[in-house]
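Have a look at the structure below before the remarks.
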Amino acid sequence: MVRPLVLIVTAFIALVGAEAAPVNYEFDTEENACTDPQGDAGYVKEELGECGSLRKANLPSANLNGANLRGVKMRNAELPDARMVEASLRGADLEGANLAWADLYDADLFNASLRNTRLLGADLRRSNLLGADLRHADLAGADLRGAHLQGALLAGASLVGADLRGAHLDFTDLNGVDMRGALLDPGPIAALYGVLGAADE
């Protein structure tokens, strides 16, 4: 007969030696945050995917078309020339990232943090940037035709030479934005902010 004490010790050793099950974080659209089943916030470290955390990642020319990157944390990441067509980046933290010349056509960046992000020459046509934080971002030469920027924060950003024709700018914070040479549909927004070089075509 196996003594009860031996069984207890064996069970304890097995418990200590077992690897902890990985915590599963999912993006909560209502909270705009990544949470586990208990509601605690967090990220999956060193993973590229929903609620993943890859700070300072080096992924130039990466093919991320259609990828689910909701809530991903990629601060200061290097993503120049990345292909992210129709990618879901809702609530993503891309603060300080380099997305110069990236293809973000029809990407979902709702409530994303893009503060101080480099988006020079990026293709953001038809992208969803509602509520996004683009303060002090470099969007010089970016193509924002048809982009949804309602409620976005663009204070201090550079939109020099950017194409904003057909962009939705209702309730967008354009305080201190550099819009020299930008293309913008003539109308109330252009008149309100005194944008020069508005396109007549």
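Worth a mention:
- Considering (1) within 26 Å of residue 100 (Cβ to Cβ); (2) modelled with pLDDT under 85, the lone condition that residue 3 does not fulfil carries the number (1).
- Test: residue in the range 46-61 that is without any contact (Cβ under 8 Å) to a residue 12 or more places away in the chain and either in a loop (DSSP other than H, G, I, E, B) or more than 14 Å from the chain's Cα centre (by Cα) (or both): yes
- Failed item in (1) buried (at least 21 other Cβ atoms within 10 Å of the Cβ); (2) hydrophobic (A, V, I, L, M, F, W, C); (3) closer than 20 Å to residue 125 by Cα, with residue 101 passing the rest: (1)
- Within the range 108-125, the only residue that satisfies the criterion of being within 18 Å of residue 51 (Cα to Cα), surrounded by 22 or more Cβ atoms within 10 Å (Cβ to Cβ) and out of contact with any strand residue (DSSP E or B) (no Cβ under 7 Å at 6 or more places or on another chain) is 112.
- Hey, residue 76 among the polar types (S, T, N, Q), without any contact (Cβ under 8 Å) to a residue 24 or more places away in the chain and either closer than 25 Å to residue 154 by Cα or crowded, with 17+ Cβ neighbours inside 10 Å (or both) or not: yes
- Residue match in the range 126-137 (condition: surrounded by 22 or more Cβ atoms within 10 Å (Cβ to Cβ) and of a type in the set (Lys, Arg)): no
- Residue, nearest to residue 91 (Cα to Cα), within the range 105-128, restricted to residues that are under 9 Å from the mean Cα position of the chain (by Cα) and of a type in the set (A, V, I, L, M): 112
- Residue match in the range 130-140 (condition: touching a Phe, Trp or Tyr at 6+ places or on another chain (Cβ under 9 Å) and on the phi > 0 side of the Ramachandran plot): yes
- Lone qualifier among 131, 156 - being part of a loop (DSSP other than H, G, I, E, B), of a type outside the set (Asp, Glu), out of contact with any strand residue (DSSP E or B) (no Cβ under 6 Å at 6 or more places or on another chain) and closer than 15 Å to residue 90 by Cβ: 131
- Residue list for the range 79-98, filter: over 10 Å from the mean Cα position of the chain (by Cα) and surrounded by fewer than 23 Cβ atoms within 10 Å (Cβ to Cβ): 80, 81, 83, 85, 86, 96, 98
- Sole exception among (1) surrounded by fewer than 18 Cβ atoms within 10 Å (Cβ to Cβ); (2) at pLDDT below 85; (3) of a type in the set (Gly, Ala, Ser); (4) more than 25 Å from residue 103 (Cβ to Cβ) for residue 190, by number: (1)
The values are calculated or read from the model by the stated rules, or taken from the named source; none is laboratory data. Quick caveat: nothing in here was measured; it's all calculated off a predicted structure. Reconstructed Cβ throughout: ideal geometry from the backbone, glycine too, with neighbour counts over all protein chains shown.
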